[in-house]
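The values are calculated or read from the model by the stated rules, or taken from the named source; none is laboratory data. In this text, all values refer to a predicted model and were calculated from it rather than measured experimentally. For neighbour counting, all protein chains shown are included, and Cβ atoms are generated from backbone atoms with ideal geometry for every residue, glycine included.
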Amino acid sequence: MVAALGFQEQDLFREGASWDWKNWPDTVMLLSDGQPTEGLITQDQEVVASVARLYRVCRTRIHTIGVGRERLMVLEDIAKATGGRFVQVANVE
């Protein structure tokens with residue numbers, strides 16, 4: 001998700017970092033099982049809080065697609081925080 005927004009993850013948390021807002025996408029589609037396991041932040045509430053902070057800067061709408069039946073609330077919260085839409089695909093083999 002960070003790469004889709006054009007950021008380097010280590011720069012997101014560097015004090016005084018500046019970003020080129022002209023290259024940000026207006027929409028991102030995120031397909032996930034809802035388990036944040038990669039990156040510097042992997043706790044659901046911290047992920048949502050970080051996305052909400054980014055949204056205040058870049059205004060990129062994130063639509064989320066949750067695959068499976070468990071731990072999808074984080075995806076729903078990400079979509080809600082960015083004005084996006086959450087869709088669940090439950091019957092996946």
Taking region 40-72, which residues are exposed (fewer than 14 other Cβ atoms within 10 Å of the Cβ) and farther than 18 Å from Val28 by Cα?
Leu40, Thr42, Gln43, Gln45, Glu46, Arg69, Glu70
What helices (runs of 4 or more DSSP H) completely inside the chain contain at least 3 residues that are at pLDDT below 75?
9-12
